[in-house]
2 protein chains.
Amino acid sequence: MMAARRAYVRPLDFARGCVEMAHGGGGRAMAQLIEDLFARRLGNAYLGQGNDAAVLPMPAGRLVLTTDAHVVSPLFFPGGNIGCLAVHGTINDVAVMGARPLYLAASFILEEGFALGDLVRVVDAMAVATREAGVPVVTGDTKVVEKGMGDGVYITTSGVGVVAEGDELWAGDRARPGDQILVSGTIGEHGMAIMAQRESIGFAGPIVSDTAALHGLTAEMRGSGAAIRVVRDPTRGGVATTLNEIARQSGVGMMLYERSLPVLPEVAAACEFLGFDPLYVANEGKLLAIVAAADAERLLAVMHAHPLGRRAAVIGSVHDDAHHFVQMTTAFGGRRIVDWLSGEQLPRIC
Amino acid sequence: MMAARRAYVRPLDFARGCVEMAHGGGGRAMAQLIEDLFARRLGNAYLGQGNDAAVLPMPAGRLVLTTDAHVVSPLFFPGGNIGCLAVHGTINDVAVMGARPLYLAASFILEEGFALGDLVRVVDAMAVATREAGVPVVTGDTKVVEKGMGDGVYITTSGVGVVAEGDELWAGDRARPGDQILVSGTIGEHGMAIMAQRESIGFAGPIVSDTAALHGLTAEMRGSGAAIRVVRDPTRGGVATTLNEIARQSGVGMMLYERSLPVLPEVAAACEFLGFDPLYVANEGKLLAIVAAADAERLLAVMHAHPLGRRAAVIGSVHDDAHHFVQMTTAFGGRRIVDWLSGEQLPRIC
């Protein structure tokens, strides 16, 4: 790569420079951006192959493939930024299938005029997240759109994982009457962190996004031997929407216990102040697990032993219901239907 | 899926409707868009799994992974639209590694207010392209950004393929002095089709993009048994930039023969009129192949026998050069250096 570097006339100005249209043109400026910014931070042997696609060893098993566009606004928020969110979100979509995440691909749509310094912060956060997770970005792409045709940076990450041949898949259509519903921790932090940041609302302290990679936790859950049916990360639409999806896929009903839902006091306060229900607010480091009743306590103990599952709780159960309703026993002993999210509650939350 | 469909209050209005923020919110409106638009057109057994990731059989071999964001402007052009381009581009990035493309993942960033009718045209083109190629979209994602934060639709496609264990990889660092350089057909059509459309320039007839999936051609090339070193699709930056990349990766020089470069007369005329050099103009259905000299004629014959290689030609050769220059013997017998593209020649060409 050094031969071409010598030919770069201007070094990239990370302090005051901006993304220019030429950075997406396929020529020398793009090569410089890729080399001096992306490769330097995300570099690994696979990314260094320098071809249009990465060639990778693949362990035996079933392949798991996922993709997610990330358009969160603002780009930076308490607890992270779009870079680590894009890594965590895609790892989690692989992990909740019961698969081991192996590789990531990252595609950037940059807006002309976006500060190179901000792009560095984003890519640095991706680099830290991939290193901590042990899941490398092995291939990527960069495009630039004119000012006013984007919003700084959008990142699409795709993820590949593997499910060993003997392992059961976790899938949305496997919930059965009698199963227990677990959540891995407190809900609503990511959505309210974004919302508080966006509205410049100051509460007692900042609400910090829960963005995190869950594959370590899911590996422990897999290792427990519990009869796990479904695992999902309740992102857009929150716990309520995710459970409705599962109820529909599995053809069952669900009953939640309002008293059992773990919510941080500052999130509860912010939700009340802004008129949100934490059940519909996005999470980025939490999972829902549906497990055979006989194994629920065992699985809960395994989750409690993991740093990302310390506040795990049983929050409900699965039952027969031809209407596939998700209902909730309220704190006052009443009952209400927990419907799908309808309309747009929180735009561009992830 | 039917249970939830009954609950949709308004059917999607494909004639006059637009993308709304709620279509990205994760709730009922998004489920409706995915079900009635994406799943109906792109549907297959894998996409129908309905989980956050697709679970897929994986043949033995090395995994090939690629990703590309597509931001072409205008979205519709003679010969195709952003939908088929996103399918072809990603299949080609897998194919040029010498791999067999297996699966695609598609992520959409939609702009609020984008006409649903136009989105249907885009997704229909994707559907046709995936069916013709035999490579399904197995998982996807949809996000919506506010009006003025996008440009109708951006599509990021990621692709997975496999290289059988015994097969040699084609890679950019394998060109050797003495090798011959082949191109699969006429160059510059895609870039000039976009450019002519964008500038509303009418020539004798419209220039039609060459967008096409090349994995059928690469499979024939693989089957020929020729000692193929490198295959690349010369997209952004064109033939000149792609060859410079290969020269750098392989540590060699190259000599092109201007007389041998196949260019359609209408593309040559448009390039001259608009001040472009076809060597730098993007292609979306062409490939460059570098092959051992002894096998060049055999490979050329195999390419000529394929519909996408009918106008294949030997356009140059590889030689020793410490500077890794790509040079060209001009039609008048002179010599010039064919440098990297510097700056931005054609923004948002793919």
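Annotations for the structure displayed:
- Total formal charge among the other residues, if their Cβ is under 13 angstrom from that of B:Gly80, Lys/Arg +1 and Asp/Glu -1: -4
- Cα-Cα pairs of the range B:1-98 separated by more than 19 Å (percent): 62 percent
- Cα extents of the range A:2-163 along the three principal axes, largest first (Å): 48, 38, 25
- Inter-copy label distances at B:Asp320 (7 Å, Cα→Cβ; nm, one decimal): 8.4
- Take each residue of peptide B:142-148, count the partner chain Cβ atoms within 10 Å of its Cβ, and average: the result is 5.
- Computed magnitude of the charge dipole of the range B:180-337 (debye, nearest 20; Cβ of K, R +1, Cβ of D, E -1): 200 debye
- Sorted shortest first, the distances from the B:Gly43 label point to those of the same residue in the other copies are 4.9 nm; each point sits 7 Å from Cα along Cα-to-Cβ.
- Label distances, nm, B:Pro177 versus same residue in remaining copies, Cβ-directed 7 Å point: 8.0
- Local net charge near B:Pro278, Cβ-Cβ under 10 Å (Lys/Arg +1, Asp/Glu -1): -3
- Under a model in which nothing but the beta-carbon of Lys, Arg (+1) and Asp, Glu (-1) is charged, chain A shows a dipole of about 540 debye around its Cα centre.
- Among the GluC sites (Glu not before Pro) found in the range A:197-253, those both in a DSSP coil and sparsely packed, with 14 or fewer other Cβ atoms within 10 Å of their Cβ, are A:Glu199.
- With the helix formula -39500 (n - 2.57) applied to DSSP H stretches of n ≥ 4, chain B reaches a computed 222 nm mean residue ellipticity of -8000 deg cm²/dmol.
- The Cα center of the range B:280-350 and the Cα center of the range A:319-344 differ in position by 63 Å.
- Measuring with a 1.4 angstrom probe and ignoring ligands and nucleic acids, B:Glu132 comes out at about 150 Å² accessible.
- Highest mobility in the GNM of chain A, judged by mean-square fluctuation with C-alpha springs under 10 Å and restricted to A:Pro177, A:Pro307, A:Pro57, is found for A:Pro57.
- Most fluctuating residue given options B:Thr218, B:Thr186, B:Thr329, as computed from a GNM of chain B linking Cα atoms under 10 Å: B:Thr329
- 9 Å beta-carbon shell around B:Arg232, net charge (K/R +1, D/E -1): -3
- Cα Rg over Rh - the range A:180-337, Kirkwood: 0.97
- Cα-centred dipole magnitude for the protein assembly as shown, charges only on beta-carbon of K, R (+1) and D, E (-1), debye, nearest 20: 500 debye
- Distance between the pseudo-spin-label points of A:Phe325 and B:Phe325 (7 Å out from Cα toward the beta carbon): 8.0 nm.
- Looking at the range A:2-163 alone, DSSP beta bridges between its own residues are antiparallel in about 75 percent of cases.
- Debye log10 I(q)/I(0) for chain B, one point scatterer per Cα, at q = 0.09, 0.15 Å⁻¹: -0.52, -1.24
- Candidates A:Thr330, A:Thr67, A:Thr139: whichever shows maximal mean-square fluctuation once chain A is modelled as a Gaussian network with Cα springs under 10 Å: A:Thr330
The values are calculated or read from the model by the stated rules, or taken from the named source; none is laboratory data. As the structure is a computational prediction, the values presented were derived from the model and not from experiment. Virtual Cβ from ideal backbone geometry, glycine too; neighbours counted across all protein chains shown. Surface accessibility is based on the protein's heavy atoms, side chains included, excluding ligands, DNA and RNA. Shrake-Rupley method; radii C 1.70, N 1.55, O 1.52, S 1.80 Å.
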